[in-house]
Structures are given as structure tokens and as C-alpha cells.
Amino acid sequence: MLKDKKVFVSGASGAIGYSIAEILLSNSVASDIFLTGRSEKLLDKTTINLKTQFPAARVFSKSADLSNYDQIINVTNYAKEKLEHVDILVNCAGIFNVKNLILESYEDISEIFHVNLFAPIIFSKEFSKTMIQNQWGKIINIGSSSCYTGYKNTSLYCSTKHGLLGFSKSLHDELKDKNISVSCISPSSTKSRIGDATPFQDKETFLDAKDIAKVVYDILSLSDGACIEELLIKRRITR
């Protein structure tokens, strides 16, 4: 049984991140959990809710703007102080913009690549060090159906998600002989703040974040001899 692990979740104040944290705590997968998100207000609310629901767990949090390299490093070091090590890393933070490439500023480009790709790479680099020492670990990267296709006016977002899938596959191959698995879970449009920003689609057909969390829990619950490297979760109806 997967019990009493130390877990780090980025994007924890979003719908998917919150649902993942909740299911891991409710099934006692996490005894200690560290949450980070950009909005201090939303993250504080998330932390209070989870502490109230699961008083036996140790819930830590610190807000961070993952578009800023220094803040990525600071929240990483703070999590190491609180958790000592990380057994399960869930990279869930992401931003989404809809804009023609020629209208994107260099600041826009830097921001989305830092949040969606650079931060997961840095978190994986730093937290996998003790996973290697302990000869056990699981890394879950939340991708997107955009890992597999491209859409006009979302070239930056699609690029980062393609990159995250490639990174996940490569890192899995790099770490699998250390008893560490890396999975990229790629849902299509989901009922969330990012989902709200998706134009010209019927949001009633969007995925429920809790279903994505259930899939993450099931993947984490596999025995050490099994792994799911990548998984695309599609809507039953797309319109």
C-alpha cells in the first residue's frame, strides 16, 4: 500500500492541483504535503481547507511566482526544509494564453516557458536527488491534450506541453533503474481557471478535475514493477 509519503504539489490552488492533493490526503498516501501556487490568497484558502479536512496530516505551503527563477529556487529550498525529502512530486502548475505569436512579447514567452516547463524541470532535478538516494520516487507531470497537437493562437502553450511530454519520457528513461517512475498525464480541457480561458468551446463538456485526480491516484498506486509513462484523458464529447 502507498502510505505516508512526502508529497510536493505545484499549482495546488488550481482545480486539478487541489483535487490531487485532496485525494492523496484522503487515502493517506501523503502524511506530509507541501503546496505551492502563485496566489497567496488562494493558496492560504487551499491550505486551510485541507488542514481542516485532514487534521492528522502535516500541510505546508508557500506561494511562488514560477515565472521567476529565483522564486522557483526559493520555494524548492523551503520545501526541502519542511519535508526533508520528497517521495512524490506532482508538477501541476500551468498558465495558458490565447494570442497570435507575433503579438506575444518576450516577457510573455519567458513567463509561459518558466511556469509550464522550466519549473517542472527544476523541481524534478532538485527533488529527484533524494529519490535516487532512497531508491524510490514518483514524478507526475500534468500535461495537456496539447502535448499531441497544435492550435492557432496557442503556439507557446502547445510548445511548452510538447516539451513537458518529451522531458517526461526522457527523465523516465534516465531514472527508471533507480526505482523512480515519471508519468505525463495529459487531460483535455478541464473545468478550471485555465479551462475558463479556453475560447469557442462548450465548457459543459469539459473534464472534471476530480476525475483527473483519480487517475493520478491510480497511477501512483501501481506496484513498483508497473508504470504508465504517458496517458491522454479525452472528453467523451467535444464541441
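The values are calculated or read from the model by the stated rules, or taken from the named source; none is laboratory data. Note that the coordinates shown come from a computational prediction; the quantities given were computed from them, not determined experimentally. Cβ coordinates were reconstructed from backbone atoms using ideal geometry, including for glycine residues, and neighbour counts include every protein chain displayed.
Annotations
- Helices (runs of 4 or more DSSP H) completely within the range 76-189 that count 1 or more residues being touching a strand residue (DSSP E or B) at 6+ places or on another chain (Cβ under 8 Å): 119-134, 155-175
- Of the residues screened, ALA64 is not one that is outside any helix (DSSP H, G or I), without any contact (Cβ under 8 Å) to a residue 60 or more places away in the chain and more than 17 Å from the chain's Cα centre (by Cα).
- Flag for ASP44 being under 29 Å from SER188 (Cα atoms), among the charged types (D, E, K, R) and at pLDDT 95 or above: yes
- Scanning the range 61-95 for residues that are over 28 Å from GLU107 (Cβ atoms) and surrounded by fewer than 18 Cβ atoms within 10 Å (Cβ to Cβ) gives LYS80, GLU81, LYS82, GLU84, HIS85.
- Residue list for the range 194-232, filter: at pLDDT below 85 and either in a loop (DSSP other than H, G, I, E, B) or surrounded by fewer than 15 Cβ atoms within 10 Å (Cβ to Cβ) (or both): ASP196, ALA197, THR198, PRO199, PHE200, GLN201, ASP202, LYS203, GLU204, THR205
- Looking across the range 51-76, the residues that are out of contact with any Lys or Arg (no Cβ under 7 Å at 6 or more places or on another chain) and more than 17 Å from ALA93 (Cβ to Cβ) come down to LYS51, THR52, GLN53, PHE54, PRO55, ALA56, ALA57, ARG58.
- Positions within the range 125-165 being small (Gly, Ala, Ser), out of contact with any Lys or Arg (no Cβ under 7 Å at 6 or more places or on another chain) and crowded, with 21+ Cβ neighbours inside 10 Å, in sequence order: GLY137
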